[in-house]
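Step one of this worksheet: look at the structure below.
The values are calculated or read from the model by the stated rules, or taken from the named source; none is laboratory data. All values reported here derive from a predicted model rather than from experimental measurement. Here the Cβ positions follow ideal geometry from the backbone for every residue, glycine too, while neighbour counts run over all protein chains shown. Side chains included, ligands, DNA and RNA excluded: accessible areas come from the protein's heavy atoms. Shrake-Rupley method; radii C 1.70, N 1.55, O 1.52, S 1.80 Å.
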Amino acid sequence: MKLILRRGDVGSTLVPRPMTTETSWTPSTWRARPAAQQPDWPDDGALDDVLKRLGTRPPLVFAGEVRQLTSTLAEVAAGRAFVLQAGDCAESFEAFTADAIRDKLKVILQMAVVLTYGAGVPVVKMGRIAGQFAKPRSSATEVVEGVVLPAYRGDMVNDISADPAARVADPGRLQRAYDQSAATMNLLRAFTKGGFADLNQVHTWNQEFVASSAEGQRYERIAAGIERALRFMAACGIDLAQEASLHQVDFWTSHEALILGYEEALTRQDSLTGGWYDCSAHFVWIGDRTRQRDGAHLEFFRGINNPIGVKLGPSVSPDEAAALCEHLNPRRVPGRLTLITRLGASRIEELLPPLIRAVRDAGHPVVWVCDPMHGNTFVSAGGRKTRHLDHVLAEIGSFFRVHRAEGTWPGGVHVELTGDDVTECLGGAEEVLDSQLDLRYLTACDPRLNGRQSLDLAYRVAELLRGS
Ligand code: PEP
Ligand code: CO
């Protein structure tokens with residue numbers, strides 16, 4: 001056993017702590033473990049060059065912000081706030097415009113307004129954005145128009161075109177993903193702190209294609225109510241200009257931290273506390289395909305101080321769930337760990353209760369979030385990968401019912417959506433039909449809710465939060 005100096009829990013004083021080999025961690029200790037879902041990079045030299053360069057680039061987020069998010073999520077763990085985590089399945093280099101970022105933000109702000117106004121619960125707003133570029137795949141190859149190709153693994157790794165050369169993993173894409181994340185982050189900071197997210201703008205977030213629908217008109221009525229409330233408070237003599245929370249929002253970034261070399265390069269030691277932070281995003285999660293007990297992802301995640309998530313699909317056992325918590329949050333810090341269940345509408349009522357009991361009985365203060373998308377994907381009659389809003393809402397309904405029965409807090413929802421008027425998921429008040437899927441099916445990976453369907457979902461969640 002060797003003794004190393006490490007900053008401990010007592011303020012910022014250096015305290016000696018015994019460290020066994022088993023517990024010592026650095027941003028690269030994951031390299032000694034089997035890492036699932038990593039690309040087959042053709043040229044190690046080129047990869048190393050990119051990673052070295054990324055290691056010198058500025059962080060995208062700061063440790064202080066990340067700690068603030070952990071405290072905010074601790075409020076969720078305690079049942080006093082609700083998480084809305086939403087965005088693309090996969091961001092793309094192609095669809096990278098200010099308008100696309102703005103429109104996605106608009107939908108998320110609208111949904112947050114519906115939830116806060118409709119349920120009176122503070123909403124933690126988190127995007128699958130500014131880094132969501134890597135995809136785990138069920139198979140290493142896929143067949144496109146009769147041709148077998150290496151699987152598309154996200155724009156951070158290879159190109160989606162149906163061409164074998166385009167599918168070769170290219171480390172230059174890691175740099176491009178970082179650059180796009182930085183520019184996206186910059187715009188998000190400007191939008192959320194510079195006036196666009198001001199509650200006085202609540203009407204302007206309603207996009208035209210949404211405003212004309214029943215969902216959009218319902219939103220208009222909420223927006224009018226908020227405006228009336230603001231006018232009322234001003235008339236009472238309350239100085240609203242001084243209330244920062246009316247004019248700015250905290251918007252957090254998140255993604256699946258899949259490509260560990262990239263995440264390692266952006267992991268930095270905080271000069272204030274000595275702790276390590278993955279500065280590629282405020283919140284990062286482990287996917288359902290990379291949560292192996294002795295795998296590289298768990299090793300990497302246990303050492304970073306960000307708030308983290310783990311996706312739990314139908315194959316996870318209650319014991320495994322409790323073991324994951326023990327491994328990733330042994331000190332049981334509230335807000336540190338979010339469990340994102342994606343069990344499917346037909347199985348959640350059977351599978352979720354034992355998971356909740358195992359985690360609760362082991363004393364873990366987790367945030368429970370429902371991903372109602374990934375357990376409800378199917379192939380439409382026309383051959384499109386899709387999801388039906390009814391199944392999505394059914395899984396969320398069961399999520400609330402089960403948590404209420406177990407006495408735990410249904411802490412949030414995690415959804416794939418876009419601000420664009422796409423036809424990728426079926427259903428909704430303004431129904432998308434099977435025959436319409438081909439009209440605007442634009443996703444680079446999984447099917448996303450469009451703006452109207454996203455609002456439908458927010459109304460339903462607000463009702464569930466109110467307990468009706
Ligand atoms: C995803 O969130 O896009 C994803 C791949 O999810 P999961 O790991 O739950 O399958
Ligand atoms: Co997805």
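Worth pointing out:
- Cut-off of 10 Å, at most 15 other beta carbons, DSSP loop: longest stretch of the chain lacking such GluC sites (Glu not before Pro): 244-430
- Non-local lysine pairs in the chain, meaning eight or more places apart or on different chains, with alpha-carbon distances under 28 Å, amount to 18.
- As computed over region 284-345, the Cα convex hull volume per residue (Å³): 85
- Size of region 315-468 as Cα extents on the principal axes (Å, biggest first): 50, 31, 26
- Each Lys and Arg Cβ is given +1 and each Asp and Glu Cβ -1; about its Cα centre, region 118-269 then shows a dipole of about 240 debye.
- Region 64-127: translational diffusion in µm²/s, Stokes-Einstein, Kirkwood Rh over Cα pairs, 37 °C, 0.692 mPa s: 249
- Unmatched cysteines, the chain - criterion: no other Cβ of a Cys under 4.7 angstrom: CYS236, CYS279, CYS325, CYS370, CYS425
- Net lengthening on full extension, ARG189/ASP361 (0.36 nm per residue, minus Cα-Cα): 57.9 nm
- Ratio of Rg to Rh over region 337-395 (Cα coordinates, Kirkwood Rh, two decimals): 1.09
- Extended-chain gain in nm, criterion 0.36 nm per residue less alpha-carbon gap, GLU208 and PHE93: 38.8 nm
- Sparsely packed trypsin sites (Lys or Arg not before Pro) within region 52-85, loop by DSSP, other Cβ within 10 Å at most 13: ARG80
- Across region 213-266, Cα-Cα pairs more than 12 Å apart make up 78 percent of the total.
- Each principal axis of the Cα atoms in region 181-225 has its own extent, and those three values, largest first, are 37, 20, 10 angstrom.
- Label-to-label distance, ALA405 versus VAL148, with points set 7 angstrom from Cα along the beta-carbon direction: 4.5 nm.
- Trypsin sites (Lys or Arg not before Pro) within region 319-403: DSSP coil, no more than 15 neighbouring Cβ in 10 Å: ARG331, ARG332, ARG347
- Debye intensity ratio I(q)/I(0), log10, region 392-468, q values 0.20, 0.27, 0.28 Å⁻¹ (C-alpha model): -0.86, -1.25, -1.32
- Per residue, the Cα convex hull of region 129-186 amounts to 75 Å³.
- When only alpha carbons of region 236-290 are considered, Rg and Dmax amount to 17.8, 56 Å.
- Solvent exposure of region 327-468 as accessible area per residue, Å², 1.4 Å probe: 35
- The phi-based Karplus calculation (6.51 cos²θ - 1.76 cosθ + 1.60; θ = phi - 60°) puts the 3J(HN,Hα) values of region 231-247 at 5, 4, 5, 5, 5, 6, x, 7, 7, 5, 4, 7, 8, 3, 5, 7, 10 Hz, whole numbers, x for Gly and Pro.
- When Rg and Dmax are taken over the Cα atoms of region 41-95, they come to 17.7, 49 Å.
- Residue by residue, region 403-411 carries 3J(HN,Hα) couplings of 4, 4, 5, 8, x, 10, 8, x, x Hz when phi is fed to the Karplus relation 6.51 cos²θ - 1.76 cosθ + 1.60 (θ = phi - 60°); x denotes Gly or Pro.
- Convex hull of Cα atoms in region 190-288, direction-averaged projection (nm²): 10.6
- In whole percents, the pair-distance distribution calculated for region 267-310 from its alpha-carbon pairs, binned every 10 Å from zero, is 28, 53, 17, 2.
- With only the Cα atoms considered, region 323-362 has a convex hull volume of 71 Å³ per residue.
- Efficiency of FRET between ASP319 and THR141 - r from beta-carbon atoms, R0 30 angstrom, step 0.05: 0.35
- Distance between modelled label sites at GLN68 and ASP179, nm, 7 Å Cα→Cβ extension: 2.9
- Annotation: extensible slack from ALA162 through GLU220 equals 16.6 nm (criterion: 0.36 nm per residue apart, minus Cα-Cα distance).
- Distances between every pair of Cα atoms in region 97-136, grouped in 10 Å steps from 0 to the bin holding the largest one, split as 26, 43, 25, 6 percent.
- A Stokes-Einstein calculation at 20 °C with viscosity 1.002 mPa s, built on the Kirkwood radius of the chain over Cα pairs, returns a diffusion coefficient of 93 µm²/s.
- At 1.306 mPa s and 10 °C, Stokes diffusion of region 24-71 via Kirkwood alpha-carbon radius, µm² per second: 115
- Distances between placed amide hydrogens fall under 5 Å for CYS279 paired with THR267, ARG268, all partners being 5 or more residues away or on another chain.
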